[in-house]
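Asks: This structure is in structure tokens; I'll ask about it shortly.
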Protein chains: 4
Amino acid sequence: MVTNQQTNAEIRRGRPEPRSGANIIRSAHGEYRVTDLGRARAFYVDTLGFVETEQTADTLYLRGLEERDHHSLVLRKSSTPGAGHLAFKVASEDDLDRLAHHVAAAGLKPCWLASGEEIGQGRALRFNDPFGLPLEFVAEMTQVERLLQRFDLYRGAQVMRFDHFNCQVPDVRAAYEWYSAELGFGCSEYTVDDAGRIWATWLQRKQNVHDIAVMNGTGPRVHHFGFWVTDPLSVLRACDVLAADGWGSSIERGPGRHGLSNAFFLYLRDPDGNRIEMYANDYLLADPDWEPIRWTLNDPRRATFWGHMPPASWFDDAALCESFEDGQLLPTAPAQLYDRPDHVT
Amino acid sequence: MVTNQQTNAEIRRGRPEPRSGANIIRSAHGEYRVTDLGRARAFYVDTLGFVETEQTADTLYLRGLEERDHHSLVLRKSSTPGAGHLAFKVASEDDLDRLAHHVAAAGLKPCWLASGEEIGQGRALRFNDPFGLPLEFVAEMTQVERLLQRFDLYRGAQVMRFDHFNCQVPDVRAAYEWYSAELGFGCSEYTVDDAGRIWATWLQRKQNVHDIAVMNGTGPRVHHFGFWVTDPLSVLRACDVLAADGWGSSIERGPGRHGLSNAFFLYLRDPDGNRIEMYANDYLLADPDWEPIRWTLNDPRRATFWGHMPPASWFDDAALCESFEDGQLLPTAPAQLYDRPDHVT
Amino acid sequence: MVTNQQTNAEIRRGRPEPRSGANIIRSAHGEYRVTDLGRARAFYVDTLGFVETEQTADTLYLRGLEERDHHSLVLRKSSTPGAGHLAFKVASEDDLDRLAHHVAAAGLKPCWLASGEEIGQGRALRFNDPFGLPLEFVAEMTQVERLLQRFDLYRGAQVMRFDHFNCQVPDVRAAYEWYSAELGFGCSEYTVDDAGRIWATWLQRKQNVHDIAVMNGTGPRVHHFGFWVTDPLSVLRACDVLAADGWGSSIERGPGRHGLSNAFFLYLRDPDGNRIEMYANDYLLADPDWEPIRWTLNDPRRATFWGHMPPASWFDDAALCESFEDGQLLPTAPAQLYDRPDHVT
Amino acid sequence: MVTNQQTNAEIRRGRPEPRSGANIIRSAHGEYRVTDLGRARAFYVDTLGFVETEQTADTLYLRGLEERDHHSLVLRKSSTPGAGHLAFKVASEDDLDRLAHHVAAAGLKPCWLASGEEIGQGRALRFNDPFGLPLEFVAEMTQVERLLQRFDLYRGAQVMRFDHFNCQVPDVRAAYEWYSAELGFGCSEYTVDDAGRIWATWLQRKQNVHDIAVMNGTGPRVHHFGFWVTDPLSVLRACDVLAADGWGSSIERGPGRHGLSNAFFLYLRDPDGNRIEMYANDYLLADPDWEPIRWTLNDPRRATFWGHMPPASWFDDAALCESFEDGQLLPTAPAQLYDRPDHVT
């Protein structure tokens, strides 16, 4: 249920014109570090049914059934788990240049990958955002076969496409302001704590609930990558198949329905502890006059509409973020607000 | 909608004590003749997801995901399509003996297969019923691994188990009387023509709508074998997968909901033209005081609850039946009543 | 996954001939005591979508969409919650007499209700079983309109029919033996503790997993009444509707899939704390040669196939049973074995 | 299956900058003329479950469960059926002025409705497009309660929101060019006849397959309004509920899956013969580098992926369009290309 009686003045309606001048289309792919590529493939490909586009000596490139871009999930062999980068697709090469110029002027440290330097991609811009999140922007992707109507190949969770990033940062309000004003993200829904302070925001460029959610928490950390499935039955099938294949312990939370976003969800921990979400049933958000929906942190229907409490691990654990400067995992700072609802299991 | 205002006196309530003294548990498996085993496997196993138990030089033994008996569908290589035999499971070896004695006394010609003579089976009794349908009865089946919770192996239509036979005979009333009185089948639902004459009966031993349906038509012919799937989505998935694999033309009728039985159905023609049904959503029928449901042939909601007309082929085509005496396909006689509703496509 | 390597000698295969000589068809209806009929109707009828057949000053008679018997759930106003009676349908009036004679000879105290004494029923036999469970047996029920194809009336969880009772008794082995030998129940699946002792049994007369489950626990108590729904989506819809109507806190456990029985389940506590289960996706069990499936209590996939732990309340709480002698709730005795798995939430 | 080997040069990639300078967000609502408001409400509200926002003496304003705009379907009492107007939402009032100026300069005849002149709307711009289709544009709509999480109110087909218009015009190529170049629509998929000439185009502003499809046919006519439902089960439920309520004959085509768009569809004729589609399962289309998918008219998987042929009525019948000048229904001209595939039922 929506608690929309009052609104927070600092939350904008609609998607503002970005100061960066860059037209970001959508979140596009995420990269996790994994310690064992074979085990990762067993989990993601053999059981969950991600489509394998390509594998190199140290990296696995996966996509969903409806995707024609080369990859939407990258798994890179590393000595420790963690989040490599969060990639957004922009409208054109010019958008990359505008963005690079804008963030350099603001003191961030953009760097470039030449076309093909990351397999399946054109020229890519990378920088850690002011909060440490490792962002990548790309305009061009190698096109591969779209398998939407290859129903004979549907397996496991029948993952359709990448949907969103969810991240934790110590100062949510600052992060909201940066993504909104600099990059032009709109706010679909948000959470406030008991004092009415902004606790989390769901931010969108494409026309559904979010491309990136930013939550109050120890950060910078990547909480999860969300993948879209067509319906709740795909989520239940994921549970059944995971359990049948011996991956039952990967199920951390759900299946259930979020109050916020209305999504039917399932949270999984991959063999390295990186978290992904299977996500269905959110809604179209195309209108510029959208009024962001406000939830209070302790509303029992916010986290799970049916009233189930999330487990403590869902708040405790998240992936550390890689620095583009040295490839090291960035240190974190504690959350500025209390980092979870009053009741967890 | 049920048109139950009047009932036909010749239709019994409940399941009568069978004169044969044999306790038939349920319909158990069907055998079709196919002209190309490889093509049949491509259709049934690779696309529809039947589980392959075993293959010999000339025969393929398949089963559903929930079944632990060796097979529920037998595909035997032959020069022409057709129905080999329709098998029922009985409670014990004694039931086989009682039944053999009873039908021999009535002038039928029972013959025996020794245990193992048909792979995966104990001793089997076979005879063509008074209408020519090739029946088999067996008490013991080789037990194999039940895959109900091997969700990782679910594919295609996710066929769970054999459900029923549907057959055409020229004299439905006589066939009803024989199956009811001699073998102890109960009637769940039935159809009458505009003159109120019995046109088809759905007959059950196990506790759902039917183990065998007998319809007025050119016969003896086997109209279809029905396989049970858990829900309508399995039926839709079957359509998607068949079309993706190039078997779209095998879809003859449906998906849709039957008025009679309430089943969500799909009729397929295998590569040899033999017909199978994917069948979900009928109901529990355990009570001996069940009042058979009466439908009129031309009620538009009987055939398809939503009003869709069946295609003419659904009435024209059916599998010829093998004789146990010489393996030849039996000649047919025309239906005694008009053999279809007034409106077909 | 099934742990069937060894079997318990005291568990019979198949359904034995009952010593009572009574042909029990199936579990048929349950009666709960509720303290506020209006609140109970709001929960069961308005939200969950049970069909109301009739209401008297102190009792509400409900049924599912596929049922033609007058009621399958009786809610009787009382000062305290509890279980009134557990009713089974038998094949004929003679079965009632045979059963009454048999249990009286064994020292139980059968009593009779005349036809119509309980609304919607013929003559009924009642007695508390040797463990205190309040059983009723009836052959004839008033027939009412079956709403299976009145899809316009489907609401809430779209409850189809009664499925089973689940009860707790201190001595499960004795209860199994009585239901098996005296009443002719077969065992579909069972649970043993780490010492291999029988901890729970699922017992059936109709052809699915159970009509009554008997679990080790403080007893006599009724753990839940199980109602059958067609598929997991009905269960998810129940959660959504309950939450939307403000009954979210009634959700105690699930949705999830049981390993034992394969059922997709949801456990709810009604406004008085009585427990019901929404239950889908078990299987046909018709064969007399069924080999009971053996599970160990601490197999994490037994309780929830996906590995979720049940809450402690699921073991702690259950409904006390009424005595037919004085209408008082019977005292309980503690379980003989440890009463839950090692891990609960 | 996609037949994308060659592409048509006149089909643009991506969404071009519109010459009109107006930012059209999405298709928003459609108006049908109905001859009996009560009968229309019985069909749309009571059976299909559209939400009624408001009714005046001659008009019924309906919406879907996820919508917060005042209406997405308008049913206006009239002496004959027909299409009143097709409304698009634009980003701002300025967009309306730019668009009015642009089309007036091109010789069309824009007219204005003041805010509130049509209930629930701000200022609206109307004109018949060059092909006669009656378009409306509006920036501001009265906001009403969004019922997305009022699962207790979900009924019938559980219609979520308006999705698209489908129209017939004699010269599809000209219509494509106008919608693309003047209004900035992108093309997701299109159909060519055997000679490779453009036969139909699916055009989008919001990020899925289409806001408006333009097909070759007698025109100007409105073929259908498409409404989005969450999944195929909502479509099946629509069939069941329609049949149970006596509206079975309203089902014209489907349920089935379109090859083009991948949508799971159902076409209904309302009591006046106006056509609507229940529509699920298409895909996200956000990228500007999207390559339009090309289908050939006679590809049997284009119309229905499973191979079912559409009925002739689906091509013969469509709603005439109202002129904004005099309220009369516009005359039609015949299609320039043959107006259907070679095979229909």
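The values are calculated or read from the model by the stated rules, or taken from the named source; none is laboratory data. Bear in mind the structure is a predicted one, so any value in this text is a computation, not a measurement. Because the Cβ atoms are built from the backbone with ideal geometry, glycine has one as well, and the counts that use them run over all protein chains shown.
Asks: Checking the condition in contact with a His (Cβ under 8 Å, 6 or more places away or on another chain) and basic (Lys, Arg), which residue from A:Arg257, A:Arg269, A:Arg253, A:Arg275 passes?
Replies: A:Arg275
Asks: Only one of B:Asp316, B:Asp339, B:Asp282, B:Asp270 is within 20 Å of the chain's Cα centre (by Cα), away from chain D (no Cβ under 14 Å), in contact (Cβ under 8 Å) with a residue 24 or more places away in the chain and closer than 27 Å to B:Ala42 by Cα; which?
Replies: Just one listed residue meets the conditions, B:Asp270.
Asks: Has the stretch C:140-161 got at least one residue that is touching a strand residue (DSSP E or B) at 6+ places or on another chain (Cβ under 8 Å), closer than 20 Å to C:Pro16 by Cβ and of a type in the set (Ser, Thr, Tyr)?
Replies: no
Asks: Restricting the first residue to the stretch A:285-300 and requiring it to be within 14 Å of chain D (Cβ to nearest Cβ), which pairs with a second residue that is basic (Lys, Arg) and part of a strand (DSSP E or B) meet a Cβ separation below 6 Å and a spacing of at least six or different chains?
Replies: Filtered contacts from the stretch A:285-300: A:Ala286/D:Arg26.
Asks: Going by what's in this entry, would C:Thr191 be described as at pLDDT 95 or above, of a type in the set (Ser, Thr, Tyr) and out of contact with any His (no Cβ under 7 Å at 6 or more places or on another chain)?
Replies: Judged against the criteria, C:Thr191 is a match.
Asks: Restricting attention to the stretch B:221-253, and to residues there that are in a loop (DSSP other than H, G, I, E, B) and out of contact with any Asp or Glu (no Cβ under 8 Å at 6 or more places or on another chain), which single residue is farthest from B:Val159 (Cα to Cα)?
Replies: Among those that are in a loop (DSSP other than H, G, I, E, B) and out of contact with any Asp or Glu (no Cβ under 8 Å at 6 or more places or on another chain), it is B:Gly246.
Asks: For the stretch B:231-252, indicate whether the set of residues that are of a type in the set (S, T, N, Q) and more than 13 Å from chain D (Cβ to nearest Cβ) is non-empty.
Replies: Taking the stretch B:231-252 as the starting set, the residues that turn out to be of a type in the set (S, T, N, Q) are B:234, B:249-250.
Then drop every residue that is not more than 13 Å from chain D (Cβ to nearest Cβ), which leaves none.
No, that holds for no residue.
Asks: Quick test for you: out of D:Gln207, D:Gln168, D:Gln149, pick the one residue that is touching a residue at least 60 places away in the same chain (Cβ under 8 Å) and either surrounded by 23 or more Cβ atoms within 10 Å (Cβ to Cβ) or within 14 Å of chain C (Cβ to nearest Cβ) (or both). Before the answer, list the steps.
Replies: Working: D:Gln207 fails: either surrounded by 23 or more Cβ atoms within 10 Å (Cβ to Cβ) or within 14 Å of chain C (Cβ to nearest Cβ) (or both); D:Gln149 fails: touching a residue at least 60 places away in the same chain (Cβ under 8 Å).
Within the list D:Gln207, D:Gln168, D:Gln149, the selection yields D:Gln168.
Asks: Determine whether B:Gly226 is under 14 Å from the mean Cα position of the chain (by Cα) and under 18 Å from B:Ala319 (Cβ atoms).
Replies: yes
Asks: Would you mind stating whether A:Thr345 is over 30 Å from D:Val229 (Cα atoms), modelled with pLDDT under 95 and out of contact with any helix residue (DSSP H, G or I) (no Cβ under 8 Å at 6 or more places or on another chain)?
Replies: So A:Thr345 passes the test.
Asks: Only one residue in C:Glu182, C:Glu145 is touching a helix residue (DSSP H, G or I) at 6+ places or on another chain (Cβ under 8 Å) and either closer than 26 Å to C:Glu93 by Cβ or at pLDDT below 95 (or both). Which one?
Replies: Values: C:Glu145 fails: touching a helix residue (DSSP H, G or I) at 6+ places or on another chain (Cβ under 8 Å).
The unique qualifying residue is C:Glu182.
Asks: Still on this structure: Check whether at least one residue in the stretch D:12-21 is in a strand (DSSP E or B) and within 14 Å of chain A (Cβ to nearest Cβ), and report yes or no.
Replies: no
Asks: Only one of these conditions is not met by B:Met160: (1) away from every other protein chain (no Cβ under 14 Å); (2) touching a Phe, Trp or Tyr at 6+ places or on another chain (Cβ under 6 Å); (3) farther than 30 Å from B:Arg197 by Cα; (4) touching a residue at least 60 places away in the same chain (Cβ under 8 Å). Which number is it?
Replies: Failing condition for B:Met160: (1).
Asks: I would also like to ask the following. Hey, could you check the stretch B:41-72 for residues that are acidic (Asp, Glu) and within 14 Å of chain C (Cβ to nearest Cβ) and say which is surrounded by the fewest Cβ atoms within 10 Å (Cβ to Cβ)?
Replies: Out of the qualifying residues, it is B:Glu66.
Asks: I'd like the full set of residues that are of a type in the set (A, V, I, L, M) and away from every other protein chain (no Cβ under 12 Å), limited to the stretch A:210-230. Spell out the reasoning first.
Replies: Of the residues in the stretch A:210-230, the ones of a type in the set (A, V, I, L, M) are A:212-215, A:222, A:229.
Residues satisfying the conditions are A:Ile212, A:Ala213, A:Val214, A:Met215, A:Val222.
Asks: Condition first: surrounded by fewer than 19 Cβ atoms within 10 Å (Cβ to Cβ) and of a type in the set (A, V, I, L, M). Now tell me which residues in the stretch C:171-201 satisfy that.
Replies: Matches in the stretch C:171-201: C:Ala174, C:Ala181, C:Ala195.
Asks: From the list C:Glu67, C:Glu10, which residue is within 30 Å of C:Ser249 (Cα to Cα) and of a type outside the set (Lys, Arg)?
Replies: On the way: C:Glu10 fails: within 30 Å of C:Ser249 (Cα to Cα).
Answer to the check: C:Glu67.
Asks: Which numbered condition trips up C:Arg205, out of (1) farther than 23 Å from C:Ala335 by Cβ; (2) touching a helix residue (DSSP H, G or I) at 6+ places or on another chain (Cβ under 9 Å); (3) not small (Gly, Ala, Ser)?
Replies: (2)
Asks: Checking the structure you have, find out if any residue of the stretch D:256-265 is more than 24 Å from D:Arg205 (Cβ to Cβ), crowded, with 22+ Cβ neighbours inside 10 Å and modelled with pLDDT of 95 or more.
Replies: Checked against the condition, which is being more than 24 Å from D:Arg205 (Cβ to Cβ), crowded, with 22+ Cβ neighbours inside 10 Å and modelled with pLDDT of 95 or more, the stretch D:256-265 yields at least one hit.
Asks: Out of the stretch D:293-345, which residues are part of a strand (DSSP E or B), farther than 24 Å from D:Asn208 by Cα and not charged (D, E, K, R)?
Replies: Taking the stretch D:293-345 and keeping what is part of a strand (DSSP E or B), we get D:293-296, D:319-322, D:329, D:333.
The next check asks that each one be farther than 24 Å from D:Asn208 by Cα; those that pass are D:319-322, D:329, D:333.
Within the stretch D:293-345, D:Ala319, D:Leu320, D:Cys321, D:Leu329, D:Ala333 qualify.
Asks: Return the residue satisfying two criteria in turn: it lies in the stretch B:22-40 and is small (Gly, Ala, Ser) and outside any strand (DSSP E or B), and of such residues it is nearest to the other protein chains (Cβ to nearest Cβ).
Replies: B:Ala22
Asks: So which of A:Arg301, A:Arg275, A:Arg294 ends up being in contact with a helix residue (DSSP H, G or I) (Cβ under 8 Å, 6 or more places away or on another chain) and buried (at least 19 other Cβ atoms within 10 Å of the Cβ)?
Replies: Result: A:Arg301 is the single residue among A:Arg301, A:Arg275, A:Arg294 that is in contact with a helix residue (DSSP H, G or I) (Cβ under 8 Å, 6 or more places away or on another chain) and buried (at least 19 other Cβ atoms within 10 Å of the Cβ).
Asks: Still on this structure, please answer the following. Which of the residues that make up the stretch D:137-146 are over 14 Å from D:Tyr61 (Cβ atoms) and more than 14 Å from chain C (Cβ to nearest Cβ)?
Replies: D:Phe137, D:Ala139, D:Glu140
Asks: Considering only the stretch A:115-136, how many residues are more than 18 Å from A:Gly327 (Cβ to Cβ) and small (Gly, Ala, Ser)?
Replies: Looking only at that region, the number is 4.
Asks: Can you pull out every residue in the stretch B:156-194 that is under 30 Å from A:Leu153 (Cβ atoms) and either part of a loop (DSSP other than H, G, I, E, B) or among the charged types (D, E, K, R) (or both)?
Replies: B:Gly156, B:Ala157, B:Gln158, B:Val159, B:Met160, B:Arg161, B:Asp163
Asks: Something else about it: Which ones in the stretch B:195-207 are touching a Phe, Trp or Tyr at 6+ places or on another chain (Cβ under 7 Å) and part of a loop (DSSP other than H, G, I, E, B)?
Replies: As a first pass, look at the stretch B:195-207 and keep what is touching a Phe, Trp or Tyr at 6+ places or on another chain (Cβ under 7 Å): B:198, B:200-205.
The answer is B:Arg205, and nothing else.
Asks: Taking the stretch B:77-106 on its own, how many of its residues are within 17 Å of the chain's Cα centre (by Cα) and more than 14 Å from chain C (Cβ to nearest Cβ)?
Replies: The number of residues fulfilling the criteria is 6.
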